[in-house]
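Right, one structure below, let's go through it.
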Amino acid sequence: MTDLMIIAVCFAVLAAMNLYRLAKGPTAADRMVAGDAMDNLICCVLILFSLFSGRGIYLDIALLSALFGIVDTILVGRYLEKGRGL
């Protein structure tokens, strides 16, 4: 139980650092990578919460969040690629 709390605090610190990069990223690609990292952190937190609470519904939500994150990354990547004229 204590181990889960320590890991959760570490994830919170990582999320705060990613939130800063998401807001202050020098380029759109940096913001996209920070958003993708936030999605991965949210999935990990949902998995930890599922272990902590003993309910499996949070695993389903984490899976859907990961799938939407992949689609989001692909769409934003294509948008950035077309904006540069590649």
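Within the span defined as the range 37-54, one or more residues are in a loop (DSSP other than H, G, I, E, B) and under 24 Å from residue 10 (Cβ atoms).
Need pairs with beta-carbon distance below 8 Å; first residue closer than 15 Å to residue 80 by Cβ and among the basic types (Lys, Arg) and within the range 12-31, second surrounded by 15 or more Cβ atoms within 10 Å (Cβ to Cβ) and modelled with pLDDT of 90 or more; sequence gap 6+ or separate chains. Pairs that qualify, where the first residue is closer than 15 Å to residue 80 by Cβ and among the basic types (Lys, Arg) and the partner is surrounded by 15 or more Cβ atoms within 10 Å (Cβ to Cβ) and modelled with pLDDT of 90 or more, are 31/21.
The values are calculated or read from the model by the stated rules, or taken from the named source; none is laboratory data. All values derive from a computational prediction rather than experimental measurement. Quick reminder, even Gly has a Cβ in these numbers, built from the backbone with ideal geometry, and neighbours come from all protein chains shown.
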